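Report on one structure; see the data block that follows.
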Amino acid sequence: MENRSIPLVNLERQFRKHKSEILSVIEKVFEEGSFIQGPHLKNFEEHFSSMHEARYASGCSNGTSALQVLLQAHELKPGDEIITTPHTFFATAESMLQIGVVPKFVDIHPKTYCIAPDLIEKAITPKTRAIVPVHIYGIPCDMNAIFKIAKKHNLLVIEDCAQAHFATYENQFVGTRSDGAAFSFYPGKNLGAAGDAGFVFSPSAEVHHRVRKQIDHGRVDKYRHDSVGSNHRMDGIQAAVLNIKLKSILQWTEQRRRHALLYSERLKSRGFTVAQATPGSNPVWHLFVVEVSNREQVLSHMKSRDIQCGIHYPIPLHLQPALQFLNYSKGDFPVCERASDRIMSLPICGELTDGEREQIMDCFLEKAIP
Ligand SMILES: *Cc1c(COP(=O)(O)O)cnc(C)c1O
């Protein structure tokens with residue numbers, strides 16, 4: 001009998017779908033000893049990038065390191081500034097601060113929760129080098145507006161695609177038109193590994209070469225190092241598992257889209273604010289977010305019925321204790337702050353059933369107030 005509780009993401013069902021293939025490929029990795037580098041990583045790099053029609057691709061250890069090596073490969077230096085959103089996971093800013101680059105936050109759009117392009121120019125200073133849009137919840141940012149500003153001010157655009165595998169903007173996958181993109185395969189992401197893993201798309205052979213070296217000890221060959229890099233490699237086992245899961249990602253994505261549409265229709269008819277797509281985009285709904293005015297009450301009601309919900313994210317980056325030194329204060333980004341107080345995430349994943357979705361909706365609507 002299946003446990004009747006509903007998790008935010010049903011990784012157990014996802015595993016069951018590919019169980020025999022996953023277990024046998026893990027066995028193969030052990031038999032071959034292809035733990036580091038090796039054929040599975042190469043296959044995955046080729047497969048993931050050819051699906052994107054991207055030329056320069058590198059697997060790496062996680063999404064945070066993917067962002068960091070990309071910034072390093074673009075030669076960002078301590079004191080440089082990057083414009084980004086405060087409405088994201090901590091790692092977006094952390095990857096910058098690890099190399100001394102200063103995140104400058106800009107408020108978000110109230111409907112898409114993505115960075116508001118019309119507020120970017122005011123945040124540009126002589127030290128600004130790049131814009132890092134985050135396709136939060138799998139909703140692509142308003143990329144045309146962002147590219148236009150970047151071009152005008154000669155800034156790089158580096159995408160945080162950690163939540164947006166195979167989302168499209170103007171019919172092209174996110175991560176393929178900019179100066180580089182970072183992906184995460186954290187297990188709960190739309191495409192998840194059996195542990196930590198990440199990926200980088202580079203815009204040119206030159207940046208790609210530097211990304212590769214940064215990931216693998218600045219190596220040019222086994223014992224010759226022509227720069228100081230680090231160890232941010234993806235494990236062979238992760239690549240092998242991802243290769244298998246990649247077969248289902250587009251199907252899982254379509255299921256997420258269907259659930260998001262049906263959630264949206266029902267919730268909007270009851271007066272709720274739900275996350276919306278940027279015009280020209282097709283989101284992949286890593287998270288399905290709805291705003292409520294009595295969040296504590298709704299969350300405890302859902303919990304009492306064994307339905308797992310979340311808040312992504314309750315504390316905006318500019319108000320994080322660790323980032324106090326950046327000197328932001330409450331009130332700086334009112335749209336983001338209001339959203340952070342009201343949002344909650346409902347379960348969504350490729351393996352959610354229609355029955356579960358309706359059960360979640362019924363339970364939510366018993367208590368939630370728009
Ligand atoms: C998950 C995530 C990251 C970091 O990825 P890890 O693989 O966990 O290091 C970065 N940015 C965003 C928006 C994320 O959701």
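The values are calculated or read from the model by the stated rules, or taken from the named source; none is laboratory data. Because the structure is predicted, anything quoted here is derived from the model rather than measured. Cβ: placed from backbone, ideal geometry, glycine included. Neighbour counts: every protein chain shown. We work out accessible area using only protein heavy atoms, side chains counted, and drop any ligands, DNA or RNA first. Shrake-Rupley method; radii C 1.70, N 1.55, O 1.52, S 1.80 Å.
Descriptive notes on the structure:
- Flag if Val228 is within 16 Å of the ligand (Cβ to nearest atom) and either open to solvent by 60 Å² or more (accessible area, probe 1.4 Å) or not in a strand (DSSP E or B) (or both): no
- Hits in segment 164-183 (condition: within 10 Å of the ligand (Cβ to nearest atom) and open to solvent by 10 Å² or more (accessible area, probe 1.4 Å)): none
- Answer from Ser24, Ser34 - the residue that is open to solvent by less than 20 Å² (accessible area, probe 1.4 Å), at pLDDT 95 or above and farther than 30 Å from Gln98 by Cα: Ser34
- Applying the criterion of being of a type in the set (D, E, K, R) and surrounded by 19 or more Cβ atoms within 10 Å (Cβ to Cβ) to the residues of segment 234-256, the residue that is farthest from Asp196 (Cα to Cα) is Arg256.
- Residues satisfying the stated conditions in segment 14-49, i.e. over 17 Å from Asp235 (Cβ atoms) and of a type in the set (Lys, Arg): Arg16, Lys17, Lys19
- Against the conditions (1) crowded, with 18+ Cβ neighbours inside 10 Å; (2) out of contact with any helix residue (DSSP H, G or I) (no Cβ under 9 Å at 6 or more places or on another chain); (3) without any contact (Cβ under 8 Å) to a residue 60 or more places away in the chain, Met344 satisfies every one except (2).
Per-residue answers, yes or no, for (1) within 16 Å of the ligand (Cβ to nearest atom); (2) closer than 29 Å to Ala260 by Cβ; (3) crowded, with 22+ Cβ neighbours inside 10 Å:
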| site | (1), (2), (3) |
| --- | --- |
| Arg13 | no, yes, no |
| Ser20 | no, no, no |
| Lys28 | no, no, no |
| Phe44 | yes, yes, yes |
| His47 | no, yes, no |
| Glu75 | no, no, no |
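- For segment 13-49, a residue qualifies if it is among the small types (Gly, Ala, Ser), in a helix (DSSP H, G or I) and free of Cβ contacts under 8 Å to residues at least 40 places away in the same chain, and the qualifying residues are Ser20, Ser24.
- Enumeration of residues in segment 257-288 that are in contact with a helix residue (DSSP H, G or I) (Cβ under 6 Å, 6 or more places away or on another chain) and under 22 Å from Ile108 (Cα atoms): Val274, Ala275, Pro283, Val284, Trp285, His286, Leu287, Phe288
- Among (1) within 12 Å of the ligand (Cβ to nearest atom); (2) within 21 Å of Lys330 (Cα to Cα); (3) touching a Gly at 6+ places or on another chain (Cβ under 9 Å), the one test that Val102 misses: (1)
- Exclusive hit being under 25 Å from the mean Cα position of the chain (by Cα), at negative phi and without any contact (Cβ under 8 Å) to a residue 24 or more places away in the chain, set Leu261, Leu287, Leu317, Leu267: Leu261
- Phe147 fulfils the conditions (1) open to solvent by less than 40 Å² (accessible area, probe 1.4 Å); (2) more than 16 Å from the ligand (Cβ to nearest atom); (3) within 24 Å of Val106 (Cβ to Cβ) except for a single criterion, (1).
- Flag for Glu81 being open to solvent by 10 Å² or more (accessible area, probe 1.4 Å) and more than 28 Å from Leu287 (Cα to Cα): yes
- Scanning segment 193-225 for residues that are within 13 Å of the ligand (Cβ to nearest atom) and buried (at least 20 other Cβ atoms within 10 Å of the Cβ) gives Ala193, Ala197, Gly198, Phe199, Val200.
- Every pair of residues 6+ apart whose Cβ atoms lie under 9 Å, when the first sits in segment 181-207 and is of a type in the set (Lys, Arg) while the second is at pLDDT 95 or above and within 12 Å of the ligand (Cβ to nearest atom): Lys189/Gly63; Lys189/Ala162; Lys189/Gln163; Lys189/His165; Lys189/Phe183; Lys189/His286
- Yes/no for Glu337 being away from the ligand (no atom under 16 Å from the Cβ), of a type in the set (Asp, Glu), out of contact with any helix residue (DSSP H, G or I) (no Cβ under 7 Å at 6 or more places or on another chain) and open to solvent by less than 50 Å² (accessible area, probe 1.4 Å): yes
- Residue within segment 92-99 that is open to solvent by 20 Å² or more (accessible area, probe 1.4 Å), within 12 Å of the ligand (Cβ to nearest atom), over 30 Å from Lys222 (Cα atoms) and not aromatic (Phe, Trp, Tyr) present: yes
- Matching residues, segment 114-139, being surrounded by 24 or more Cβ atoms within 10 Å (Cβ to Cβ), assigned to a loop (DSSP other than H, G, I, E, B) and of a type outside the set (A, V, I, L, M): Cys114, Pro133, His135
- With respect to the conditions (1) over 29 Å from Phe183 (Cα atoms); (2) open to solvent by 20 Å² or more (accessible area, probe 1.4 Å), Leu267 falls short on a single one, namely (2).
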